């Protein structure tokens, strides 16, 4: 029995590790968390997308709350906003953008007013004064009060109502009353009827730590005052001041910048200290315009939207987000993380934590299929991240063997006991070698035999046969050295044959063996395209959904040939949303079905949800996965040769099928004697035992090895409660236990399980 070394090796070998710079670049490319176009265009940082979503749901209270997070005086801003967000709306590329400003007005009208709740705020020690009135002074007062600085406003107006009217004369009576009430609740000290002269300023300025003024007031105090609009500061006079000619939105934005400058000056910091991104920003967001709804706005009357009209217009919003990969990839959806975040976490797990960690499972669960890269507008390659992480963890002896051990042992079985390499009888040298792949031999041995006999009959120059594994298993597992060893084994066998052209029946095998020196490889689909279908092929008048194997991603030649063959067979192909290079993995690729069965099931469901029709595939693993999900599924070679693999075999039957195929071919084609696979005793399994073995990946051959060890040693434990004999044996890295009953003819297996503990006898 072949044994894979468990953890403990000190050997570290060179792998294709992804660098920190590459990870950082990949993270920077991911646009999942980029702001929506409307939100990015707003200088006040209003989350317009979230507000529209709340309005579309009819939740105007929530919508108003979101609006008030960005806007101090919502009625003032909504009434006079220039709405740069509307020009940036993604829908404007096809029709009319969302009427955001009109929805804002509806939100302020119909949304329930927020309540302060009487939260106690500790006042800061530094005091601030504002001289003047107008929009800038109004907004700045609100922003500074929000920061809890003691604030006094000096203005020429006679009262608070006049102060507000001077700033926002365009407000209707209802909106004016609302904002006046809001202004009264703010902790701001007003001094009305002031004469804003230079003498007045000189008299008052000494009592405050930070001084602010409207543009008009500042010029009255200092005719030479010049405002630096980056920080809203006249540095020469140590005065935070407004700009000339500001509209509502500009005034509100200027006030936000000025308030931040006030905060910096109060803390005795430079005005440019830690300001971050202010104002509108450019967004890198990608948003699909497929399947959008109405492209025309809901008409808005002179009185504004009604509640129902605002909801209808808000529902037009497509909620811009880049989720192309999340929609397509069941893996990313399962872990609920976009590529940028998941890539960073996996990298940190391998490079920083360097040990067993929950991210190990996520790293090992990826199918490595590359679908996310194809559908991502930025081409982010999560498969490379996960594969590199596996290689790194293996190379540094941090990757446990358990997740991949069964698959690796299965590969060694394919290239060991079940391996076969022979020239076609009558040929000293063959022009071709048929390489069906390990899964085809395991799942549909009759189809493999039919295909080989057909190729031998119709191709000139002889066709050799090689039954084995291409090594994709250890490549997926990150076993870099083992992959090299397996490829060397396959290449040496090809060298013995004189490097004939490889005819691959598996797209993954074709992918793994392509691009290597001395190896020329074609798909069996291309060969059948050239020589035609066999006479046995029957015309099938039926519809079927075609599933493109992820192994054929980027292989346009294979995809075209498969479709041409199906058309010759009379099959009407149903192309699905994700087909061709966009096709998802069935759940077998990348060893997902071994490391995370739940996710493998979700991957298969993702494939099958595209159509209710029967499925046709050209990867035997895909055919097997879909059949296990209860969907009618056939491999294209089954259709070509009129064979039927039947129900999906279990893991033990797969091995048995490989050995049986090898022995039958040796006997029937090459006339060689084969090994006797019959047991000298009767062996039966009850249903509970078979289910347990399948869940725990225990082979019937493992059970037989345990029974053989018992027959040799006679050692067993009798369970007094059940009456079962408990047998055990250490096979490789694992101790297997078998519970069975024994009679004169043989054994009936009741339970089987395994663990990695080694049982030793206590010394007397």
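Structural remarks
- Ranked list, fewest to most other Cβ atoms within 10 Å of each Cβ, for 698, 707, 531: 531, 707, 698
- Overall form of the range 404-661 per C-alpha gyration tensor (a/c, 1.5; a/b vs b/c): oblate
- Cα gyration tensor category, rounded, prolate or oblate, for the range 151-307 with a/c compared to 1.5: oblate
- Helix 100-110 axis versus longest C-alpha principal axis of the chain: approximately 70°, rounded to the nearest ten.
- Between helix 60-70 and the chain there is an angle of about 70 degrees, using the helix long axis and the longest principal axis of the Cα atoms.
- Spatial separation of Cα centroids for the range 389-453 and the range 575-594, in angstrom: 21
- As a length-normalised measure over Cα pairs under 8 Å and 6 or more apart, the relative contact order of the range 682-755 settles at 37 percent.
- Cα gyration tensor shape for the range 682-755, rounded if a/c is under 1.5, else prolate or oblate: rounded
- Relative to the longest principal axis of the Cα atoms of the chain, helix 339-348 runs at roughly 70 degrees.
- Full-stretch length increase - residue 94, residue 536 - with 0.36 nm per residue and alpha-carbon distance subtracted: 153.8 nm
- Here each label is just a point 7 Å from Cα along the line to Cβ, and for residue 678 and residue 705 those points are 2.5 nm apart.
- At full extension, residue 327 and residue 308 could sit 3.7 nm farther apart than now, given 0.36 nm per residue minus the alpha carbon distance.
- Each residue in 618, 149, 656 was given a count of other beta-carbon atoms within 10 angstrom of its own, and listing them fewest first yields 656, 149, 618.
- Contact order for the chain, expressed relative to its length and based on alpha carbon pairs under 8 Å spaced 6+ residues apart, stands at 12 percent.
- FRET efficiency for residue 275 and residue 20, using Cβ-Cβ distance with R0 set to 25 Å, rounded to 0.05: 0.35
- Here the contact order of the range 57-173, divided by its residue count and restricted to Cα pairs under 8 Å and six or more residues apart, works out to 27 percent.
- Helical content of the chain, expressed as a calculated mean residue ellipticity at 222 nm, amounts to -12500 deg cm²/dmol (DSSP H runs of 4 or more residues, -39,500 (n - 2.57) each, divided by residue number, nearest 500).
- Label-point separation, residue 334 to residue 691 (7 Å along Cα→Cβ), nm: 2.3
- Length available on full extension from residue 481 to residue 667: 0.36 nm per residue minus the Cα-Cα distance, which gives 63.4 nm.
A short reminder: the numbers here are calculations on the coordinates, not readings from a lab. Please read all numbers here as calculations on a predicted model, not as lab measurements. Positions of Cβ are backbone-derived with ideal geometry, glycine not excepted, and every protein chain shown enters the neighbour counts.
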